[in-house]
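Trainee: Structure provided below as structure tokens; questions to follow.
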Amino acid sequence: MTIAEILADQVQRDGFAVVPRVLDADEIESLILAVDRARAAADQAADPASLRRGQSTFGLRDLLGRVPEVRRLAGSPPIRELVEPILGPAAFAVRGLWFDKTSEANWNLPWHRDLTIAARRRVDAPGFSSWTVKAGIPHALAPVEVLESMLTVRLHLDPAGPDNGPLRVLPGSHRLGGSAPTEVGSWTDRVHPIECVVDRGGAVLMRPLLLHASNSAASPDHRRVIHLEFASMPLPGGVEWYDVARAEASS
Ligand SMILES: O=C(O)CCC(=O)C(=O)O
């Protein structure tokens, strides 16, 4: 079995996999600089894409649209090699977010699934609900079939360990088995949570329907993550993805 096949199997079975050494030190530094530039520009323009707590920015939306380096990364061979064995060669990135957990923004997130997609415009199609607008972009809860066919790649620009509020997951909880996507209790009662400990430059592959959470960091420091969501098919009912970033053209 190849490493790609082993990872695809893990994601199929557990809903997630931790992958070491996806980005090297130079790539990490240039991504940090590129995101910082976009973040500073958004802050200066009081742009709602920048997620702020007090004086501190802890997140940025629309990363694929705002940071060309991240758009290139999403279509680059090292990322495609993680995504294609799971979603197939037609997969494309549909959303990019950046998060940093620091002492000023030391969040604590309860168990949840990622149920929202970003769309080009609101269309009241069956299966889409709770439309909202975030940073000028329409968002909706998506049908389960759409979410089941997606994959998130979380790229870690800093180490995530037990002390800085790493992602926690409930293995296998991406399989709904007929239960509602908002249902949590039966999983927390019987599945032991796993902490995703990731080195700088590593990644977590995750199905959006996997139940996940994170505690506040005991020793907060930067915990920067580029969060990329991938899909492999058009949305139903005339709804369109807000963004579609495909693989780099091979020369
Ligand atoms: O990075 C974290 O702390 C969790 C983020 C998260 O839960 C999410 O992206 O849905």
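Trainee: Skip the ligands, DNA and RNA, and give the accessible area per residue of the chain with a 1.4 Å probe, whole Å².
Mentor: Details: 11500 Å² over 251 residues.
Result: 46 Å² of accessible area for each residue.
Trainee: When only C-alpha pairs under 8 Å and at least 6 residues apart count, what is the relative contact order of the stretch 1-138, in percent? Let's see the in-between values first.
Mentor: On the way: 110 pairs, mean separation 31.2, N = 138.
The value is 23 percent.
Trainee: Could you tell me the relative contact order of the stretch 3-231? Use alpha-carbon pairs under 8 Å, at least six residues apart, and round to a whole percent. Write down the numbers at each step before the final one.
Mentor: Numbers: 474 pairs, mean separation 71.3, N = 229.
The normalised contact order for the stretch 3-231 reaches 31 percent.
Trainee: D for the stretch 3-231, whole µm²/s, Stokes-Einstein with Kirkwood Rh over alpha-carbon pairs at 20 °C and 1.002 mPa s: what number? Working shown, then result.
Mentor: Details: Rh = 18.0 Å.
Answer from the Stokes-Einstein relation: 119 µm²/s.
Trainee: Starting from the stretch 110-210, pick out the trypsin sites (Lys or Arg not before Pro) whose DSSP state is loop and whose Cβ has at most 12 other Cβ atoms within 10 Å. All intermediate terms of the calculation are to be shown ahead of the outcome.
Mentor: On the way: sites: R113, R120, R121, R122, K134, R154, R168, R175, R190, R200; in loops: R113, R120, R121, R122, R175, R200.
Listed in order of number, the matching sites are R121.
Trainee: Sorted by packing (mean other beta-carbon atoms within 10 Å per residue), highest first, where do 4-11, 59-66 land?
Mentor: The densest-packed peptide leads the list: 59-66, 4-11.
Trainee: Here's a follow-up. Suppose every Lys and Arg Cβ carries +1 and every Asp and Glu Cβ carries -1, with no other charges. What dipole size does the stretch 3-231 come out with about its Cα centre, to the nearest 20 debye? Kindly include the intermediate steps, with their values, before the conclusion.
Mentor: Working: 26 positive and 28 negative charges, 132 e Å.
Rounded to the nearest 20 debye, it is 640 debye.
Trainee: How compact is the stretch 62-117 by the rule of thumb for globular proteins, expressed as Cα Rg over 2.2 N^0.38 Å? Spell out each step's value before the answer.
Mentor: Details: Rg = 14.3 Å, N = 56, 2.2 N^0.38 = 10.2 Å.
Relative to the 2.2 N^0.38 Å estimate, the stretch 62-117 comes out at 1.40.
Trainee: In nanometres, what is the gap between the two model label sites at V191 and M233, each 7 Å from Cα along Cα-to-Cβ?
Mentor: Computed distance between label sites V191 and M233 equals 2.2 nm.
Trainee: Would you mind computing the Rg to Rh ratio of the stretch 94-193 from its alpha-carbon coordinates, Kirkwood style for Rh?
Mentor: Details: Rg = 15.7 Å, Rh = 16.0 Å.
In the stretch 94-193, Rg relative to Rh is 0.98.
Trainee: Right, something else. If I model a spin label at E104 and R52 as a point 7 Å from the Cα along the Cα→Cβ vector, what separation in nanometres do I get?
Mentor: 0.9
Trainee: So, one more: Length gain on complete extension for the stretch E145 to R246, per 0.36 nm per residue less the alpha carbon to alpha carbon distance?
Mentor: Value of the extension gain: 34.2 nm.
Trainee: Oh, and also: I need the P(r) histogram for the stretch 1-127: all alpha carbon pairs, bin width 10 Å from 0 out to the longest distance, whole percents.
Mentor: All Cα pairs considered, the percentages come to 10, 31, 38, 19, 2.
The values are calculated or read from the model by the stated rules, or taken from the named source; none is laboratory data. These figures come from a predicted structure and were not determined experimentally. Neighbour counts run over all protein chains shown; Cβ positions are idealised from the backbone, glycine included. Just so you know, the surface numbers come from the protein's heavy atoms only, side chains and all, with ligands and any DNA or RNA stripped out. Shrake-Rupley method; radii C 1.70, N 1.55, O 1.52, S 1.80 Å.
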